[in-house]
Amino acid sequence: MPKQFNTAGPCQPDIHYLLSPTVRLPELVALIDGRNYFIIHAPRQVGKTTAMLALAQELTASEQYTAVMLSVEVGAPFSQDPVAAEQAILSEWQQSIRFRLPKELQPTQWPSFETRSLLSTFLSEWAATSPRPLVVFLDEIDSLQDEALISILRQLRSGFPNRPHGFPHSLGLIGMRDVRDYKVKSGGSEGLRPASGYRLRPDFSDRLHTASPFNIKAESLTLRNFNFEEVQELYQQHTEATGQIFTPEAINHTFYLTDGQPWLVNALARQATQVLVKEVSQPITIDVINQAKEILIQRQDTHLDSLAERLQEDRVRAIVEPMLAGQELSNPPWDDIQYMLDLGICTQKRGALEIANPIYREVLPRCLAASTTIGLGYVQPTWLSETGELLPDRLLAAFLDFWRQHGQPLLQNFSYHEIAPHLVLMAFLHRVVNGGGTLEREYAIGSGRMDLCLRYGVVTIAMELKVWKEGKKDPLTEGLKQLDKYLSGLSLETGWLVIFDRRENLPPLSDRTTTELAVSPAGRTIVVIRG
């Protein structure tokens, strides 16, 4: 249950809309009743913290348990000093418990900071004196690393046999990643030797790979996205509170754009109701949702910006780069695939790995091309008529001129070498659409292509991007056939086929950039651009 969109505005009351905290984790209550310790992991901004706060409140209100969610994030700066980490965490817990539980359910005493195994001692004493079974959710557990992380996990494991009277009845670790991906440094510490139950590689940092030293967990659960019915329910709460409706088409389109990703579902609604259509007598339509989507993508709020940081990780790049280029994945380790799923960048549907949702499909390449887009300087919009309409022939001429002048040096700017030409083209097109258009992308593993759709006013230009690699045949014939299918889906009779020649020992880019007309198998006129 993520924090829902706040509908406060000049015409609207200050309301938060909520879904049941267990609707996406129906097995959780049974795990708690069964005295289990467990993991809940999901990408950032899917509502883990808010869901567990609400669940703790519900469990406490039921009078069956004393339940609280506590954070360990304040211990993160002390990765090599477990004692300092535990002291910082316990101080934070004192404040949180004071505000989240009634006085009669709060601990009757707190251990001295000089106590060894400070956190396990506190939890043990609290469980022993609590008038009800104690349920604890520990948030941001994967913000801890190295010795501090290992120390706390071991304390939780050591107290496990004493539950429910001498340790929490049930306990959940809440974080972005599963326990196997918690970070530890290799070497140098007695607590991090391979003999301790998990393997290490000789690099500077590694992951636990197994549940040890938290091998007491009963389940490792992933907090799923909203389904379509839950998006409907959430938006209906807004309608009931304000009278403002979301049209069925708008709700369908929201679910398509987000695949139910909770932060995106709420962010689109916030933009739609608070920024774009503040008057509650006006409905939220599909056009409003599309405008909200563009605002989110261009603004790159914290959640979307955090995706960009992940793109620079080697194991993320190894999967994202071929996906953006439409190439087959080169048998990546399953741990790396699972990491992408845990981060929420990818999803697995019908046995295939895909970028998680259409908004992410636009955000990822835009993030990669962002520095080049900014660094282009001013580009004269020669592709617009005097009345502001986009002229495709002028746009083509402007791109060819840009590519001949700037393509070669710009290609050296990208760590994503395989898709550098794609990113340079998109950097140019972003300048075009910033004047009032949109740029949509489609790609799929094994297709060998990336499709772009530029919309500007009444003009729609579909483009297919192909790469001619060393030892491969000219992709023209295959590209024309694939572009036919793309154009058919858009009801267009013409488009661009852009072939980036990445073979060795070629003439300079300025000399080999050409354009010609071709006829597709379905009889469509295609502009073929080679560079």
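Some notes on this structure:
- Summed over segment 95-114, residues that are open to solvent by less than 90 Å² (accessible area, probe 1.4 Å) and either over 32 Å from the mean Cα position of the chain (by Cα) or touching a residue at least 40 places away in the same chain (Cβ under 8 Å) (or both) total 9.
- Residues that are over 26 Å from residue 34 (Cβ atoms), open to solvent by 50 Å² or more (accessible area, probe 1.4 Å) and over 33 Å from the mean Cα position of the chain (by Cα) do occur in segment 81-88.
- Among residues of segment 251-280, those that are polar (S, T, N, Q), in contact (Cβ under 8 Å) with a residue 60 or more places away in the chain and open to solvent by less than 40 Å² (accessible area, probe 1.4 Å), counted: 4
Listed here are the residues, each with its yes/no results for (1) within 30 Å of the chain's Cα centre (by Cα); (2) at pLDDT 95 or above; (3) surrounded by 23 or more Cβ atoms within 10 Å (Cβ to Cβ).
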position	(1), (2), (3)
121	no, yes, no
125	no, yes, no
129	no, yes, no
134	no, yes, yes
137	yes, yes, yes
145	yes, no, no
149	yes, no, yes
152	yes, no, yes
157	no, no, no
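- Qualifying residue in segment 35-58 (condition: among the acidic types (Asp, Glu), in contact with a strand residue (DSSP E or B) (Cβ under 9 Å, 6 or more places away or on another chain) and either more than 17 Å from residue 174 (Cβ to Cβ) or at pLDDT below 85 (or both)): no
- Hey, residue 468 aromatic (Phe, Trp, Tyr) and either within 17 Å of residue 361 (Cα to Cα) or surrounded by 19 or more Cβ atoms within 10 Å (Cβ to Cβ) (or both) or not: no
- Test: residue in segment 483-505 that is in contact (Cβ under 8 Å) with a residue 12 or more places away in the chain and closer than 24 Å to residue 356 by Cβ: yes
- Every residue from segment 392-443 that is open to solvent by 50 Å² or more (accessible area, probe 1.4 Å) and not in a helix (DSSP H, G or I): 412, 413, 415, 434, 435, 436, 440, 442
This table checks each residue for (1) over 24 Å from residue 515 (Cβ atoms); (2) at pLDDT 85 or above.
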residue: 350; (1), (2): yes, no
residue: 355; (1), (2): yes, yes
residue: 366; (1), (2): yes, no
residue: 370; (1), (2): yes, no
residue: 390; (1), (2): no, yes
residue: 395; (1), (2): no, yes
residue: 401; (1), (2): no, yes
residue: 406; (1), (2): no, no
residue: 411; (1), (2): no, no
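The values are calculated or read from the model by the stated rules, or taken from the named source; none is laboratory data. Since the structure is predicted, the reported quantities are computational estimates derived from the model, not experimental observations. Cβ: placed from backbone, ideal geometry, glycine included. Neighbour counts: every protein chain shown. These area figures cover heavy atoms from the full protein model, side chains too; ligands, DNA and RNA do not enter into them. Shrake-Rupley method; radii C 1.70, N 1.55, O 1.52, S 1.80 Å.
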